[in-house]
């Protein structure tokens, strides 16, 4: 039995397990049942009641019913919705393969919860300034407005395959995948940091 306002974690797990493939959480609008003591840390670790969830299959199960509404994150089933805390992005892009070259390049990513994502128009990369460092934090859209932070090692790989392009009269440095150019920063800004 869940504590009042905390939702029923077992019911969420049962609802997620019953679904074949990814459940259509974007079409579910169940009543809000309160917050659950679950947090996804910036390094991709999932915690329940301040203890890391050690079973990858359970993490994948919860990830399959994760939904974002505005800036809030919820675990949802057709009958309930429980709020959780996400420190940065809910997923981490941990592997990358580069297929093809130049205009035919495809970047294939794998997340810490097993999602395979082909970077392109439907799954863009974005690069945000990192507070206090002057660096960039890369993110990849995985699904349903849920993003994966790209690990530092993969970010360096992206920089290595990056190129310069003129976009609307501005010289930008970025990376190409599935015919889409994803700018990291203006080339002039990069020159100033060298």
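Before moving on, here are some points about what is shown:
- Considering the chain at the alpha-carbon level, its Rg and Dmax are found to be 18.7, 60 Å.
- Note on 181, 62: ascending count of other Cβ atoms within 10 Å places them as 181, 62, the fewest first.
- Take every DSSP beta bridge whose two residues both sit in the chain; close to 85 percent of them are antiparallel.
- Taking the chain as a Gaussian network of alpha-carbon nodes connected by springs under 10 Å, the highest mean-square fluctuation of the residues 120, 54, 83 belongs to 54.
- Fewest-first ordering of 184, 38 by other beta carbons within 10 Å of each residue's beta carbon gives 184, 38.
- Translational diffusion of region 84-194, µm² s⁻¹ [Kirkwood Rh, Cα pairs; Stokes-Einstein; 25 °C; 0.890 mPa s]: 170 µm²/s
- Take every pair of alpha-carbon atoms less than 8 Å apart whose residues are at least six positions apart; their mean separation over the length of region 27-164 yields a relative contact order of 20 percent.
A short reminder: the numbers here are calculations on the coordinates, not readings from a lab. As the structure is a computational prediction, the values presented were derived from the model and not from experiment. Counting neighbours? That spans all protein chains shown, and the Cβs are built from the backbone with ideal geometry, glycine included.
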